Amino acid sequence: EADAPLFILGENRAKLILTLTRQGTVREFQLRYSVSYRVADKEGKEIVPPSEITLSRSYVFNDQQVLAAESEEAFLYRDMQKDAVQQLLRRLGSRERSPAARPT
């Protein structure tokens, strides 16, 4: 019954090695989070075509503090999810106010 349902098409998480020490152990990771979405009207006509928000964060890894690193990683993913939601709301809000987005 929504005027413009939001469809989440997918969500992806990735963990990449950013830097290594001279000994070849991981020194820094980069986390990536992306969410793809689209918005349609009641009849299913596309209002916002499939779009994606991609975020990344990096952190220093200490193999002596693995539990702390896992905790930091979980925190960073949660932070990126919150950031993605805020970006999505801003994008949809700006589209709503845009004269081109309004039907005539």
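The values are calculated or read from the model by the stated rules, or taken from the named source; none is laboratory data. Worth saying up front: this structure is predicted, and the values here are computed from it rather than measured. As a convention, Cβ positions derive from the backbone with ideal geometry for all residues, glycine included, and neighbour counts pool all protein chains shown. Surface accessibility is based on the protein's heavy atoms, side chains included, excluding ligands, DNA and RNA. Shrake-Rupley method; radii C 1.70, N 1.55, O 1.52, S 1.80 Å.
How much of the accessible area of the chain, probe 1.4 Å, is carbon plus sulfur, in whole percent?
50 percent
At 0.36 nm per residue, and after removing the present C-alpha to C-alpha distance, how many nm does the segment from residue 21 to residue 65 gain when stretched out fully?
Working: separation 44, 0.36 × 44 = 15.84 nm, distance 1.62 nm.
Extra length from residue 21 to residue 65 when fully extended: 14.2 nm.
I'd like the orientation of helix 66-97 relative to the chain: the angle between its Cα long axis and the longest Cα principal axis, in ° from 0 to 90, rounded to 10.
20 degrees
Once you put a point 7 Å from the Cα of residue 54 and another 7 Å from the Cα of residue 13, both along the Cβ direction, what distance in nm separates them?
A separation of 1.9 nm, rounded to one decimal place.
Keeping every protein chain present and rolling a 1.4 Å probe, give me the accessible area per residue for the chain in Å².
72 Å²
List the relative contact order of the chain as a percent without decimals, with contacts defined as Cα pairs under 8 Å and 6+ residues apart.
On the way: 148 pairs, mean separation 23.1, N = 104.
22 percent.
Fully extended, how many nm does the chain gain between residue 74 and residue 34 (0.36 nm per residue separation, minus their Cα-Cα distance)?
Details: separation 40, 0.36 × 40 = 14.40 nm, distance 1.51 nm.
Length gained between residue 74 and residue 34: 12.9 nm.
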